[in-house]
């Protein structure tokens, strides 16, 4: 079995795979203060009595938070002593052509998104990955990763608005019921959610206009569920895309499929 770990700025997503099928997933809050022992305790409690610890032979690890890597990898090594840890980065086989200026700068999470989407949906395609930052990734008609857009995510936008505007409160985002906001909460909530949705649609349309052809649209990421009902372009919602991409990368780099 493969254990796939995607460390983001806000959330650590973990998936356990048997061959291509995800059989268990869990999500942890990214916390730079937690020790290796604390992470070990949290993870073990979530998968206790599952019978999966001894079956994990490969760990495929992606992170955009370098400060957490030592403690989390140490915890994973203790929990899964029979597994090797493979970090997504330069030298890892992905099957992707990176037609960008600095391929080494492309984060492991973006690589996993692209690998997962390419294998599941072919190409050309545009991925909208909504997390702490929102990313718009292009896999062109030749199957090459040829463009990326990065912009503040929904929670960053909300936090910045509350922090910089003295009269605006801190709120939690929710799915708005209408664009016709009647109070401060509704005004902030609807403004950010509808605004983000329309911004994403606008960027996708600009990309396709520049390309001269249409693409499939894939939506993923922790904040995708908030905006997915407000996009006015067709799309495929795939909540486990990055984990499935990591799983595929594991097999491309020597991971063996379950033979039982």
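The values are calculated or read from the model by the stated rules, or taken from the named source; none is laboratory data. On a predicted model such as this, the values are computed, not experimentally measured, just so you know. Positions of Cβ are generated from backbone atoms using ideal geometry, with glycine treated the same way; all protein chains shown enter the neighbour counts.
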(message) Filter region 226-250 down to the residues that are in contact with a helix residue (DSSP H, G or I) (Cβ under 7 Å, 6 or more places away or on another chain) and assigned to a helix (DSSP H, G or I) and list them by number.
(response) 226, 227, 230, 241, 242, 244, 245, 246, 248, 249
(message) Would you confirm, using the coordinates I've provided, whether residue 190 is modelled with pLDDT of 95 or more, in a helix (DSSP H, G or I) and within 21 Å of the chain's Cα centre (by Cα)?
(response) no
(request) Being surrounded by 15 or more Cβ atoms within 10 Å (Cβ to Cβ) and on the phi > 0 side of the Ramachandran plot narrows it down to one of 221, 191, so name that one. (result) 221
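Yes or no, residue by residue, for (1) assigned to a helix (DSSP H, G or I); (2) under 19 Å from the mean Cα position of the chain (by Cα); (3) without any contact (Cβ under 8 Å) to a residue 60 or more places away in the chain:
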site: 113; (1), (2), (3): yes, yes, no
site: 117; (1), (2), (3): yes, yes, no
site: 138; (1), (2), (3): no, yes, no
site: 141; (1), (2), (3): no, no, no
site: 179; (1), (2), (3): no, no, yes
(request) Filter region 45-63 down to residues that are closer than 11 Å to residue 26 by Cβ and not in a loop (DSSP other than H, G, I, E, B) and give me whichever is modelled with the highest pLDDT. (result) 45
(request) Taking the options 92, 150, 127, name whichever one is within 20 Å of residue 6 (Cβ to Cβ), out of contact with any helix residue (DSSP H, G or I) (no Cβ under 7 Å at 6 or more places or on another chain) and either without any contact (Cβ under 8 Å) to a residue 60 or more places away in the chain or not in a helix (DSSP H, G or I) (or both). (result) 150
(message) Looking at region 51-60 only, could you name the residues that are touching a helix residue (DSSP H, G or I) at 6+ places or on another chain (Cβ under 9 Å) and surrounded by fewer than 21 Cβ atoms within 10 Å (Cβ to Cβ)?
(response) 53, 56
(message) Quick check on region 183-190. Is at least one of its residues in contact (Cβ under 8 Å) with a residue 24 or more places away in the chain, out of contact with any strand residue (DSSP E or B) (no Cβ under 7 Å at 6 or more places or on another chain) and closer than 30 Å to residue 86 by Cβ?
(response) no
